[in-house]
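Colleague: Structure in structure tokens, see below.
No value in this document is a laboratory result; all are computed from the given coordinates. What you are looking at is a predicted structure, and each value in this text was computed from that prediction instead of being measured. We place every Cβ from the backbone using ideal geometry, glycine too, and count neighbours over all the protein chains shown.
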Amino acid sequence: MIKVVIPSDNIKERKYLLDIVFNQFLQIPYTTTISTKNIDEYQIYIDEKKSIIIKDSFFSLYTTDLEYLQIKNIPKEVEYFSHPLFVEENLPILFGKSKIEIKEDTIISYIDIFATIFFMLTRWEEYIIPKRDEHNRFSHEDSLAYKNDFLNRPIVNEYIEFLWHMLVKLGYKSKREKREFSLLLTHDVDEILRYPNFKKVIMGMGGDILFRKSLLLPFKTLYDYTLVSIKKRKDPYNSFDEIMDMSDSFGVKSHFFFMAGGTTRYDNRYNITDPLVKEIITDIKSRGHFVGFHPSYNAYNDKKQFKLEKENLEKINKEPIESGREHYLRFEVPRTWQIWEDNGLNWCSNLAYAQKAGFRTGCCYPYRPFNILSREQLTIIEKPLIMMEVTFIEETKSIDKFNKMVDYYLYITKKYNGEFVLLWHNASFYEESIRKYAPSYKRVIQKYKDLL
């Protein structure tokens, strides 16, 4: 069994990292010992003679609890370094030096693997950088990953493979748990109907003229509404059966995240107690698909509002809700995670940037987050969101480029046997400006199947 010796400072943070690396990701047995000496390195012993030394260039500099949480401690420069032990051609070095020494029984890494993984997974940079966008979200533009051109890489996974290769290089014989590449289909239900009332029809017709710059679309909108109102056609946003049919045809299941309240103009586009909504939820469950929670615009940092809406949804669902995602991808480190934790949910999928594709956590594995303020590992599981259809559409502006971007993120997630979490809104199959991308939804699932 691997034995890991750690310095005697920042013990909770260090133990969390060992659990992430060896237990959750590599899934290999290990023991931990806190050094009685004044060391500034992680000592990983394969046996009595062979060891990996990871030089600590971060936590050992800030020995008082939470002392590291300062904006000056975010790396100023990121160097790219190549080495045969890396999976990719090079590796962005956030903490430490671009230096690796290989001896007969020892490998010394001056690259601080653990500080980098902690930085990416906990998102502590988001806590200490105050700048926010119009929805009070941390923007990709302010992230170290975007500024240094590695947002499109799951660097945590790359670092994990680097450590694994060092273990193998020194003769580690035990097997790591084999991971399976997986697909998670999720659908945020912001709206149930395109035509809930005639006022919405008039607004839609106005949008056809003002935003979509068409004189023909208003007549089409009115025609569609007429067919829906006389029950000759189902409302186009009510695409739940079609989504489930596609999922079933590929042997996968969908998760639908419903809203159940709210206090802003971004909320309350339907009532969770409406008979149609109840019918849709019942149908989803009867077909073996899943109902989850989509908290309202302000619930991401309001524990009481979150709890109220979750209970509203559970009354309709008639059983506990286990999963979901925040509306508008609003998220506050570490408060939002803690709210999900305190309300007893099993997993959430909140971490992606709304306006830029990439790996916000640097990771394509589900993992248990760390509350940087309470200094405790949470039981809620974060499943990093890899793809939101609207983000990909806005970034690529064409179906061909969209599909190429999908292929890249599917390929890289497959490479590390990660979980490809996809968000495709139920309304997007019809929404005039983006419905031409609807065939790409089925293409994503087919591509995933082809990669298995």
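Colleague: So if I take the centroid of the Cα atoms in segment 261-290 and the same for segment 355-407, what is the distance between those two points in Å?
Modeller: 25
Colleague: Where in segment 261-287 does the amide nitrogen come within less than 18 Å of the point 7 Å from the Cα of residue 241, taken along Cα to Cβ?
Modeller: Within reach of a label on residue 241, which here means backbone N under 18 Å from a point 7 Å along Cα→Cβ, segment 261-287 contributes 275-287.
Colleague: Next question, about the same structure. I need 60, 174 ordered by Cβ neighbour count within 10 Å, fewest first.
Modeller: Values: 60 18, 174 10.
Fewest-to-most ranking of 60, 174: 174, 60.
Colleague: Taking the radius of gyration and the Kirkwood hydrodynamic radius from Cα positions alone, what is the Rg/Rh ratio for segment 36-106, to two decimal places?
Modeller: That ratio equals 1.02.
Colleague: Using just the Cα positions, wrap the chain in a convex hull and report its mean projected area in square nanometres, one decimal place.
Modeller: With every direction weighted equally, the projected area is 22.7 nm².
Colleague: Contour minus end-to-end for residue 285 and residue 11, with contour as 0.36 nm per residue of separation and end-to-end as the Cα-Cα distance?
Modeller: 94.2 nm
Colleague: Let me ask another. Using a simple charge model, +1 on the beta-carbon of Lys and Arg, -1 on the beta-carbon of Asp and Glu, nothing else, what dipole does the chain show about its Cα centre, in debye to the nearest 20?
Modeller: Using only the charged Cβ atoms, the result is roughly 840 debye.
Colleague: If I take every Cα pair under 8 Å that is 6 or more residues apart in segment 2-169, average their sequence separation and divide by the length, what percent do I get for the relative contact order?
Modeller: Relative contact order for segment 2-169 comes out at 21 percent.
Colleague: Moving to a separate point now. Is the shape of segment 229-274 best called rounded, prolate or oblate, per the rule: a/c under 1.5 gives rounded, else a/b larger than b/c gives prolate, else oblate, with a ≥ b ≥ c the square roots of the Cα gyration tensor eigenvalues?
Modeller: Note, shape of segment 229-274 comes out oblate.
Colleague: In percent, how large is the relative contact order of the chain, given Cα pairs closer than 8 Å and 6 or more residues apart?
Modeller: 15 percent.
Colleague: If you rank 19, 400 by fewest surrounding Cβ atoms within 10 Å, what's the result?
Modeller: Ascending Cβ contact count within 10 Å gives the list 400, 19.
Colleague: For 337, 164, what ranking results if the residue with the fewest other Cβ atoms within 10 Å of its Cβ goes first?
Modeller: Sorted ascending by nearby Cβ count, the order is 164, 337.
Colleague: Then there's this: Just want the answer: with Cβ charges of +1 for Lys and Arg and -1 for Asp and Glu, which residue in 266, 344, 298 is farthest toward the dipole's positive end in the chain?
Modeller: Of the candidates, 266 comes out farthest on the positive side.
Colleague: Pick out, from 120, 78, 64, the residue whose Cα sits farthest towards the positive end of the charge dipole of segment 2-169, with +1 on the Cβ of Lys and Arg and -1 on the Cβ of Asp and Glu.
Modeller: Of the listed residues, the answer is 64.
Colleague: Test of understanding: what is the full-extension gain from residue 328 to residue 64, defined as 0.36 nm times their sequence separation minus their Cα-Cα distance?
Modeller: 91.4 nm
Colleague: Now a separate question. From the Cα gyration tensor of segment 50-189, with a ≥ b ≥ c the square roots of its eigenvalues, which class applies: rounded if a/c is under 1.5, or else prolate if a/b is larger than b/c, or else oblate?
Modeller: oblate
Colleague: Further, regarding this structure: Hey, any idea what the orientation-averaged projected area of the convex hull of segment 380-437's Cα atoms comes to, in nm²?
Modeller: Seen from a random direction, the Cα hull of segment 380-437 projects 4.6 nm² on average.
Colleague: Expressed in nm², what is the orientationally averaged projection area of the convex hull enclosing the Cα positions of segment 269-325?
Modeller: 4.0
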